[in-house]
Amino acid sequence: MKNESPKKDNSYLKEVEQEIKRRTEEYKILHEITKISQNHNSLEVMLKSALTTLVGFQELEVEHKAGIFLADPDKKELNLFCTVGKFGKEFMEKEKTIPYGACLCGKAAISGEFLTSDSCFKDDRHEHTFENMTGHGHYIVPLKSEDQIIGVLFLYTDENPPWYIRSKEILVSIGGLIAGAIVAHKREKEIQEKNEQLNELNELKNKFLGIASHDLRNPLYMIKTFSEVLKDGTLGEVNEKQKEISEKIFNASNFMQGLLENLLDISQIESGKIDINKESQDINNSAKQQIELIQLLADKKNIQVYFDPGEIPNIPYDTRAISQVLGNFIGNAVKFSPPESKVLVTTEKLDGSIRLSVHDDGPGLSNEDQKLLFKEFQTLTARPTGGEKSTGLGLAICKKLIHLHDGQVGVSSQLGKGSTFYFSLPLDK
């Protein structure tokens, strides 16, 4: 009795060691399949890699022959997608498509259950035979994601194999990983295709806007010019009613001209056809020039535009683009401010950037309005105080132009307490 105890202990230790080894191999194969399923290769390459790894799992004792069918739920059939190992021409032709319920794989597609088969010749569920087919068994693994059959994986074994005790647990887990990877890949492909379609539609839209805007400029310019000649009495004296109508035509055409210019800007920016030529310069000078121009319009509402320039270094920017942004920010401040108020423009140096801010004493913006700012064709509850019109494109263009400079735009506002619009541009590195 004393001599048997060490033998029992040694046998037990060997069993423990073997179990640890098996468990380690299981975790290793699951880890490898997980890595492969997250790979961004083509779906076929990814699945073939997973199959190659799987047939190398020694504990399953499978042949180097395996494949994956993808399910077509509309047609209720399985389509052979990829294989590893050597399969005959007859197999590849006959197994190209399998109806749900036919043979082992078709039955697994309906039941969603993991199946094994000891022998292709003795198992009645194995309906297909081929010339020169040798005896073999099968692991049949349904590929399920959220209870949906995505496909079926099959593995070849020897006839009457020594089934691995945890084969079902391991293979069902691997089937879930592969099914999830297939679904993710298909979704990613669908998103990519939709993005390509959206890009094509967006490019078509930009071309249309560009052509339409360009073709409308000349006739609109003629309408604006003729209406100005009529209202000024250049061609002869006009009565008050004629003058009033001529002014309305002139104002409408002037507004339309601004809208067309904005549409051209939007289409050029989005199509990447706008050139940004950055030069290192003093943004305070650009701000002063725009303030002087807009002050002429502000005088009509008795609004004073003040400038408080900070001590800032030169920064690289495109003069035309940033002048357009400045004109829009300051012009909007005047447009939405009440008469007899003031507008303050400031510049300051921040950590790694220069910020220009425009503060007004207007009605302020609600949280809902602030969410709509810098988007195209948005109508806000706030209205200009002097009857001015807005195209709803100016701030959207400003945002795009600032982003082309790697800068940021923003607003700080409260109802009844005015608004502060600002943009920042990076310092020259």
With +1 on each Lys and Arg Cβ and -1 on each Asp and Glu Cβ, and nothing else charged, work out how big the dipole of region 18-191 is about its Cα centre, in Debye to the nearest 20. 400 debye
Cβ neighbours within 10 Å, averaged per peptide: list 330-337, 57-64 in order, most packed at the top. 330-337, 57-64
Here the relative contact order (percent) of region 46-101, from C-alpha pairs under 8 Å and at least 6 apart, is 30 percent
How big is the antiparallel share of DSSP beta bridges in the chain, given as a percent to the nearest 5? 90 percent
On each of the three principal axes the extent of the alpha-carbon atoms of region 18-191, given in whole Å and largest first, is 46, 40, 28
Under the Kirkwood approximation applied to all pairs of distinct alpha-carbon atoms, what is the hydrodynamic radius of the chain in Å? 28.7 Å
Express the relative contact order of region 279-426 as a whole percentage, based on alpha carbon pairs under 8 Å and six or more residues apart in sequence. 24 percent
The chain: calculated mean residue ellipticity at 222 nm from DSSP helix runs of at least 4, using -39500 (n - 2.57): -17000 deg cm²/dmol
Surrounding net charge for Tyr156, when Lys and Arg each add one and Asp and Glu each subtract one, Cβ distance under 13 Å: -4
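Please tell me the relative contact order of the chain in percent, rounded to the nearest whole number, where contacts are Cα pairs under 8 Å and at least six residues apart.
Numbers: 658 pairs, mean separation 39.4, N = 429.
Reported relative contact order: 9 percent.
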Could you tell me which of Thr116, Ser49, Leu171 has its Cα farthest along the dipole of region 18-191 towards the positive end, charges placed at Cβ (Lys, Arg +1; Asp, Glu -1), taken about the Cα centre? Ser49
Separation in nanometres of the label points that stand 7 Å from Cα toward Cβ, at Leu204 and Glu279: 4.1 nm
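Filter the cross-link list Lys241/Lys301; Lys231/Lys417; Lys89/Lys186; Lys28/Lys76; Lys35/Lys371; Lys89/Lys194 down to pairs whose alpha-carbon distance in this structure exceeds 31 Å.
As for pairs spanning more than 31 Å Cα to Cα, those are Lys231/Lys417; Lys28/Lys76; Lys35/Lys371; Lys89/Lys194.
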Of Val183, Leu78, Gly364, whose Cα points farthest to the positive end of the dipole of the chain (charges on the beta-carbon: +1 Lys, Arg; -1 Asp, Glu; origin at the Cα centre)? Gly364
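What dipole magnitude, in Debye to the nearest 20, does the chain give about its Cα centre under +1 on Lys/Arg Cβ and -1 on Asp/Glu Cβ?
340 debye
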Sparsely packed GluC sites (Glu not before Pro) within region 165-244, loop by DSSP, other Cβ within 10 Å at most 15: Glu237
Place a point 7 Å from the Cα of Asn39 along the Cα-to-Cβ direction; which residues of region 75-102 have their backbone N under 17 Å from it? 82-85
Net charge contributed by nearby residues that have their C-beta within less than 14 Å of Ile98 (K/R +1, D/E -1): +1
Backbone N under 12 Å from the Glu90 label point (7 Å along Cα→Cβ), restricted to region 150-168: none
Between Phe81 and Arg166, what's the calculated FRET efficiency when r is the beta-carbon distance and R0 is 30 Å? Round to 0.05. 0.65
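Readers should treat all values here as calculations from the given coordinates under stated rules, not as data from a laboratory. From a predicted model like this one, the values you see are computed outputs, not experimental measurements. Note: ideal-geometry Cβ built from the backbone for every residue, glycine included; neighbour counts use all protein chains shown.
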